[in-house]
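I have placed the structure first, in the form of structure tokens, so that the comments after it can refer back to it.
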Amino acid sequence: MTCSLRRRSLLAAGSALTLPALARGAAAQAAFPSRPVRLMLGVPPGGAPDVAARLMADALSARWRQPVVVDNRPAGNGNIAAQAVARGEADGHTLLMAQASILVLNDLVMRDVPFDVERDFVPIALLMVTPFMLAAAPGLPASNLAELRELARARGGRMTFATSGAANLPRFAGEMLKSALGIEMSNVAYSSVPNAIQDTAMGRTDLVIDGTPVITPQVRGGTLKPIAVTSAERFPMLEDIPVVAETVPGFRSVGWFGLVGPRAMPAPAVQRVAADMRAVLEAPEIRGRLLRDFGAAVVANSPAEFAGFLTAERQLYRGLVRGSGVTMD
């Protein structure tokens, strides 16, 4: 009898201690965000990704009634921004809006990356995608992929494609294209997109590959001629330009931005951020502006969907890096 009473007393005491703790935890999650949120960004201020991030941050601020502050840390190709999130408080108040290179390429082509993508981050949402465009010098005797394939074969692989770097997404889009078409082309890596475009326009290189936002104005102005876009289907506002998949079924290569948090971020906070970001991005004025001004199509998928996408992208680029011969810098 005495033992039974003692046991009940201990259980009651334990419950008295546990219930307030659970209540505090539930209240903290329900109150998220309870203070300003930092949105880390691995690109410099002023460019299209920065402007897009600030557009999202302003909308989230209004929704959460808390400031969402964009913190630009472009050093190390975005690694410094990613490191700050990986080592930050895992309560959802520090997030990373990451370009694809941070999450799928950096640890494949750079030494001493200060984080582990799979260990240190939890996927929240794939935010938006931007395809690449393959364009040619106006005088190149090929105006579509079929003609380009014949030309490359006739030249015995003596063709070049320019990119704004030797180990970035456009470079690997070119490697994918070479393999899909069964042709040989040599990459010419430039220090900037304008230099790559200029040399292609002048005929020093045969082709250039980069994001549609920077190539499209050159195509519309007649400086370059379009060959194909790399989205799976014809892209809004570029419906007059064919996609690679019309010649090579299933082909798709896109640049993208995703949202991640520290790995230990509570699941309710992950779901809250994902749902609110989806609501923000699906607002017609924001969706329209991202497409019109930045050439970006909104995705805003779920954490589980983004996790699957990220796994597939990492596997894809692991193979592309191996096959390209690119070595770690």
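Run the numbers on the chain and let me know its relative contact order in percent, using alpha-carbon pairs under 8 Å that are six or more apart. Provide the component values of the computation, followed by the final result.
Values: 593 pairs, mean separation 79.3, N = 329.
In percent, rounded to a whole number, it is 24.
Can you list the residues, at least 5 places off or on another chain, whose amide H is less than 5 Å from the amide H of Phe115, using H built in the peptide plane?
For Phe115, no residues qualify.
Determine which residues of the stretch 114-138 fall in the zone a paramagnetic label at Asp276 would reach in this model, i.e. backbone nitrogen under 19 Å from the point 7 Å along Cα→Cβ.
122-128
Under a 1.4 Å probe, what is the accessible area of the chain per residue, stated in Å²?
Accessible area per residue, the chain: 45 Å².
Ignoring ligands, DNA and RNA, please state the percent of accessible area on the chain from carbon and sulfur, probe 1.4 Å.
Numbers: 8230 of 14830 Å².
The computed percentage sits at 55.
For the stretch 247-255, what does the Karplus curve 6.51 cos²θ - 1.76 cosθ + 1.60, with θ = phi - 60°, yield as ³J(HN,Hα) per residue in whole Hz, taken in order and with x for Gly and Pro?
9, 10, x, x, 6, 7, 8, 9, x
Only one of the values (1) 57, 45, 36; (2) 96, 40, 35; (3) 61, 38, 36 was calculated from this structure for Cα extents along the principal axes in Å; name its label.
Read-out from the structure maps to (2).
Let me understand the stretch 82-141 better: what is its radius of gyration from the alpha carbons, and its Dmax, in angstrom?
16.6, 57
GNM, the chain, Cα, under 10 Å: largest mean-square fluctuation among Met133, Met277, Met237?
Comparing Met133, Met277, Met237 in a Gaussian network model of the chain, the most mobile one is Met237.
If you average the sequence gap of Cα pairs under 8 Å that are 6 or more apart and divide by the length of the stretch 198-329, what percent do you get for the contact order?
Value for the stretch 198-329: 14 percent.
Amide H neighbours of Val299 under 5 Å, counting only residues 5+ apart in sequence or on other chains, H built in-plane at 1.01 Å?
The list, which skips near neighbours in sequence, is Met128, Val129.
The values are calculated or read from the model by the stated rules, or taken from the named source; none is laboratory data. Please read these numbers as outputs of a predicted model, since none were measured by experiment. All Cβ positions, even for glycine, are placed from backbone atoms using ideal geometry, and neighbour counts span all protein chains on display. The protein model used for the area step is the full one, side chains on, heavy atoms only, and it has no ligands, DNA or RNA in it. Shrake-Rupley method; radii C 1.70, N 1.55, O 1.52, S 1.80 Å.
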